[in-house]
1. Apply 1/(1 + (r/R0)^6) to the Cβ-Cβ distance of B:A75 and B:Y44, taking R0 = 30 Å, and write down the FRET efficiency to the nearest 0.05.
2. From the label point of A:N19, set 7 Å from Cα along Cα→Cβ, how far away are the matching label points in the other copies, in nm, ordered shortest to longest?
3. How far apart, in nm, are two points set 7 Å out from the Cα along the Cα-to-Cβ line at B:S246 and at A:S58?
4. From the backbone phi of the stretch A:230-237, what are the Karplus-calculated ³J(HN,Hα) couplings (6.51 cos²θ - 1.76 cosθ + 1.60, θ = phi - 60°) in whole Hz, Gly and Pro given as x?
5. Expected output is a single nm value to one decimal: the length gained when fully extending between B:A66 and B:R228, i.e. 0.36 nm times separation in residues minus the C-alpha distance. What is it?
6. Collect residues whose amide H, placed 1.01 Å from N in the peptide plane, falls under 5 Å from the amide H of A:H37; neighbours closer than 5 in sequence don't count.
7. Heads up, I need the accessible area for A:C77: 1.4 angstrom probe, whole protein in place, Å², nearest 10.
8. Determine the shape class of the stretch A:1-76: with a ≥ b ≥ c the square roots of the Cα gyration tensor eigenvalues, call it rounded for a/c under 1.5, and otherwise prolate if a/b is greater than b/c, oblate otherwise.
2 protein chains.
Amino acid sequence: MPTPEELDRIHIVLVRARNPNNIGAAARAMHDFGLRHLRVVNDYPVPFESARTAVDASEVLADAVACANLAEAIADCTLVVGTTAVGERDLQHPLLPLPQAAPRILAELRHSADPTGRVALLFGSEKTGLSNEELSHCNWLLTVPMQQVAGARHLSMNLGQAVAVCLYELVREPPAATLPPSESSPAAEPPAIPVEPILSAQPASAGDLDRLTTLLAETLERSGYTRRHPANSDPMQLRRLVRRMSLDPGDAAVWTGVFRQLLFKLRRFS
Amino acid sequence: MPTPEELDRIHIVLVRARNPNNIGAAARAMHDFGLRHLRVVNDYPVPFESARTAVDASEVLADAVACANLAEAIADCTLVVGTTAVGERDLQHPLLPLPQAAPRILAELRHSADPTGRVALLFGSEKTGLSNEELSHCNWLLTVPMQQVAGARHLSMNLGQAVAVCLYELVREPPAATLPPSESSPAAEPPAIPVEPILSAQPASAGDLDRLTTLLAETLERSGYTRRHPANSDPMQLRRLVRRMSLDPGDAAVWTGVFRQLLFKLRRFS
């Protein structure tokens, strides 16, 4: 089970959650599993007041932060993981089932060079989930494995239940030594979970990557690249391209400096 | 993951659930994880009509059975497992954390002498959980491990979330090669958890990276970056910087195109 300090570095980000009951239910699940940091992204005032009626979630809701956009909500996070029900979405990201995703998130928290590095776990709106644009802010995605009854229509989870299941998986490890109902069987050894940190020792923050993406976009525009290769220059494409560089803070700073200089030069001539 | 036939033998029993929304939420979670059989024990008419507004749960609710008492609800089941938040209750039963409880339920389904034997999973009322009298109907109990924030008051989960988390654990396996309580078969190997590389499997060739490095070096030279940041522009520095991008062949081609265009533009002006 993660330490309280580790759980404290996980931020739950609800994007365009419409229903105050769902925000309350997400906060309740966070309370139950020991998380404290909730951020809600909405383009209208977040109905925290209504959500505050949720049982047992008052501390989480009292500290919840409303953000005007997703980039702002994740700017200080070094790992951004999106949740998706997959469905018809055209996924451009690595996708892990939740049982494999949770150990990776914890490994990131534990092996990160920055002991205060933050992880954002994103949940989309009740109706549509995360859009492709929102997914493009993510380093990778996770999905909750479900089992469809034959003939039933496409699956998506209730928002509060999805948050509860994800947080449960994060705190459930390791399979602690079994306390058998009968004494006959020897307790099974908990399986070792070999988990390597996925990303380089310390990843750059989402805010750094966002600034770099903006510089890259303007550089491409001014150089004529955007006109010649519009398909490669779509903002979401560029955001993903930059995330796939797996930059640490040092290299993010170098590339930012490179594109600043290129832009300075291109501006002088165009 | 259990087969649909195995899941079909698990019956969810809600005891004294008061709120139609919670009955609907439980049914929604059942739908999501492929369960079909819901029984609701109440000493007054069960508000199925109100619960039927729950999204995506109509088949489960249409087949739900109202029972006058718990004994009737579980009469045809060969294993009865109660859920509890523990709290101050005086437990007389073996208690397993959910991660250990789920494999035992599945083992019971698989190794039971009766291949149609049914398992009941009991959830108590929102306010009080299962009473001691109700718990006494159970073979054993399970509890969802939670992590309490220091100073917060006693934990109990939202009913719909508790059902979702329990069913998730039932379908999430492997790993789950736990022995059935009654059998002393040889210990199963702890299953290996296959961890796929999350980033692209295929790296760009060294030749591709070398061409990109050469283009980058000339771009930096012509833009004035090399003069301003000589330490960052050393050929070996640049080679390592490009290798650290972890490019696959597609992204290597994109970046090569980007720097070709930048160079084309810079050459026109210098």
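The values are calculated or read from the model by the stated rules, or taken from the named source; none is laboratory data. Owing to the predicted nature of the structure, the values given are computational and were not obtained by experimental measurement. Reconstructed Cβ throughout: ideal geometry from the backbone, glycine too, with neighbour counts over all protein chains shown. Side chains included, ligands, DNA and RNA excluded: accessible areas come from the protein's heavy atoms. Shrake-Rupley method; radii C 1.70, N 1.55, O 1.52, S 1.80 Å.
1. 0.90
2. Its label point is 1.2 nm from the equivalent points in the other copies.
3. Result: 4.4 nm between the two label points.
4. Along the stretch A:230-237, the couplings run x, 5, 7, 9, 3, x, 5, 4 Hz.
5. Contour length minus the Cα-Cα distance gives 50.5 nm.
6. A:I12
7. 0 Å²
8. oblate
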